[in-house]
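Structure first, commentary second.
The values are calculated or read from the model by the stated rules, or taken from the named source; none is laboratory data. Keep in mind it's a predicted model, so treat the numbers as computed, not measured. Every residue, glycine as well, gets a Cβ built from its backbone with ideal geometry; the counts of neighbours run over all protein chains shown.
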Amino acid sequence: MSVGPRGGMSVGPGGGMSVGPGGGLSVGPRGGLSVGPGGGLSVGPGGGLSVGPGGGLSVGPGGGLSVAPNGGLSVSSGEDTYRSVIPPWHIFVQELEKRGMQQFADMIRQHVPYVRQGRF
């Protein structure tokens with residue numbers, strides 16, 4: 001996980017650990033902890049908790065739990081750029097549990113081996 005610009009562990013603008021606009025830990029528009037459109041805690045289209053196309057919990061093309069190219073669990077993109085709507089998986093699971101969303105945390109653990117095994 002990169003700590004560089006827009007990296008998954010970056011606290012800078014758009015980073016996975018950023019609380020600023022669009023950041024993984026932001027509650028603002030499109031932020032990782034936002035319940036609004038496109039937010040990490042949104043169940044709507046493109047939201048982090050959506051199982052629909054492009055959603056964070058989708059296993060289909062472009063989905064957060066997909067291992068296919070452009071999927072959230074793909075290792076084939078060759079890029080080190082943070083492109084998720086949510087903070088890093090292990091942080092996201094903790095945030096879901098804090099908010100009483102255990103069913104979503106369990107679903108992520110089922111699909112993301114390093115979270116299930118407690119390795120971050």
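Take the conditions modelled with pLDDT under 85, among the hydrophobic types (A, V, I, L, M, F, W, C) and within 14 Å of the chain's Cα centre (by Cα) and apply them to L73. Does it pass?
Numbers: modelled with pLDDT under 85: yes; among the hydrophobic types (A, V, I, L, M, F, W, C): yes; within 14 Å of the chain's Cα centre (by Cα): yes.
Yes.
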- Residue match in region 64-73 (condition: part of a loop (DSSP other than H, G, I, E, B), buried (at least 19 other Cβ atoms within 10 Å of the Cβ) and in contact with a helix residue (DSSP H, G or I) (Cβ under 6 Å, 6 or more places away or on another chain)): yes
- Candidates S2, S34 - the one that is among the hydroxyl-bearing types (S, T, Y), modelled with pLDDT under 90 and in a loop (DSSP other than H, G, I, E, B): S2
- Message: Take S18 and tell me if it is at pLDDT below 85 and either within 12 Å of the chain's Cα centre (by Cα) or hydroxyl-bearing (S, T, Y) (or both).
- Response: no
- Message: Kindly evaluate L41 against the criterion of being closer than 23 Å to S10 by Cβ, modelled with pLDDT of 90 or more and crowded, with 16+ Cβ neighbours inside 10 Å.
- Response: yes
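Among what's in region 23-38 and is within 16 Å of R6 (Cβ to Cβ) and touching a helix residue (DSSP H, G or I) at 6+ places or on another chain (Cβ under 8 Å), pick the residue that is surrounded by the fewest Cβ atoms within 10 Å (Cβ to Cβ).
L25
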- Examine region 102-118 for a residue that is more than 19 Å from V59 (Cβ to Cβ), over 10 Å from the mean Cα position of the chain (by Cα), modelled with pLDDT of 80 or more and not aromatic (F, W, Y), and state whether such a residue exists. yes
